[in-house]
Amino acid sequence: MEIGDIGTVGVVGAGTMGSGIAQVAATAGFKVVLRDISDAALDRGIKIIERSLGKLTKKGKLSEEEASGILKRISKTLDLQEMKRADYVIEAAFEKMEVKKEIFGELDKICRPDVVLASNTSSLSITEIAASTSRPEKVVGMHFFNPVPVLPLVEIVQGLTTSDETVELAYEVAKRFGKSPIKTKDQPGFIVNRILVPYMNEAAFAYMEGVGSAEEIDQAMKWGANMPIGPLALFDLVGIDVALDVLEVLYREFGDPKFRPAPILRQMVRAGRLGRKTGKGFFDYTERV
Ligand code: 3HC
């Protein structure tokens, strides 16, 4: 399979990341089949795309015609079987190994044998996901960053069994999406999350210890380290549940206490304060939801 053979990209999961991936794939001219397990989830995903396209048209980066063409190239489905239409599949479902394994096992049966199955996992083992299929050499990590339409990086993750050919194809696909890929080994957190999420975690500890208010901690990192947004606002952007999942993986896989999640993160997840997507996290977004 070569990049020129790819006409339709399948995206499994229409959350923040899946919808962003569908958007950049459709913007690059691919047809997209976007799948989630409920109409509500699919509608929410399409709304995220419409909002993002709205921003881009307002800035003059896209015309109205281009934006409506992009939306038309995306078809929604509840049926995973529809992935048989895809020439390349990117999974962006929940960050739980059991969920990923089940989806990849199904995709392996549904998709043509030459189709590459990529995962947007932010920290789980690509090697382990690949082992749930009969095509481990065709399973690769494509880790995008939030907001997907804005941030250039895609980490291309080579599992122990991923072939060089599959890595090259994923690299080409990311470039065709207008992204700047970097290849990385299949180690927990890859490059970015291994460094970024512990930084965010330290901010959560500082908050718990009352070193400063949420506003002060974030403002300090913006003014003192030139961060575009503060670490606590970044938790809210990424999703506190998602960031906690990454920390749990780093903590478990490395067995190193430096990755111990700040207890407040668990409390916030239990309270449903997941960040922007639920209207409240370290900051309040209820007026914008
Ligand atoms: N779609 C399209 N455009 C968007 C957008 C979206 N979803 N979100 C923001 N933009 C555009 C805005 O329109 C604006 O455009 P302009 O420069 O042409 O005016 C530009 O991006 C900047 O946006 P804002 O002015 O609203 O606000 P900021 O300057 O604070 O930028 C941000 C927003 C791009 C989110 C910036 O704060 C940022 O880069 N923050 C850091 C994000 C980050 O670190 N992400 C990585 C998270 S880790 C991750 O995703 C991995 C996962 O596995 C955990």
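The numbers here are math on the coordinates, done by the rules we state, and not lab data. Worth saying up front: this structure is predicted, and the values here are computed from it rather than measured. Quick reminder, even Gly has a Cβ in these numbers, built from the backbone with ideal geometry, and neighbours come from all protein chains shown.
Things worth noting here:
- Here each label is just a point 7 Å from Cα along the line to Cβ, and for A225 and N146 those points are 1.9 nm apart.
- Label positions at Q267 and D43, each projected 7 Å from the Cα along the C-beta direction, are separated by 3.6 nm.
- Rounded D (µm²/s) - segment 80-153, Kirkwood Rh over Cα pairs, Stokes-Einstein at 10 °C, 1.306 mPa s: 127 µm²/s
- Sites A131 and E215, calculated FRET efficiency, Cβ-Cβ separation with R0 41 Å, nearest 0.05: 0.35
- Packing around the peptides 107-119, 237-249, taken as the average count of other Cβ atoms within 10 Å per residue, puts them in this order, highest first: 237-249, 107-119.
- Length gained on full extension, I3 to Y285: 97.5 nm, using 0.36 nm per residue less the C-alpha separation.
- Taking the DSSP beta bridges with both ends in the chain, the antiparallel portion is around 20 percent.
- Label zone at Q81 (point 7 Å along Cα-to-Cβ), backbone N below 20 Å, segment 37-60: 37-39
- Bins of 5 Å, starting at 0 and running to the largest distance - Cα pair percent for the chain: 1, 6, 12, 16, 18, 17, 13, 9, 5, 2, 0, 0
- Among the DSSP helices (H) of the chain, those spanning at least 20 angstrom by Cα along their long axis with an average Kyte-Doolittle hydropathy of 0.5 or more are 192-208, 240-254; this is a geometric and hydropathy rule only.
- Between K84, K183, K55, the GNM of the chain built on Cα springs shorter than 10 angstrom shows K55 fluctuating the most.
- Spread over its residues, the convex hull of the C-alpha atoms of segment 153-258 is 115 Å³ per residue.
- Mean Cβ count within 10 Å, highest first, over the residues of peptides 1-9, 129-137, 155-163, 21-29: 21-29, 155-163, 129-137, 1-9
- Helix-only CD estimate at 222 nm, as mean residue ellipticity for the chain, using -39500 (n - 2.57) per DSSP H run (n ≥ 4): -14500 deg cm²/dmol
- For segment 1-49 and segment 91-148, distance of Cα centres in Å: 15 Å
- Stretched out straight at 0.36 nm per residue, the stretch from K258 to K72 would grow longer than its current Cα-Cα span by 62.3 nm.
- Alpha carbon Rg of segment 4-87, scaled by the compact-globule rule 2.2 N^0.38 Å: 1.04
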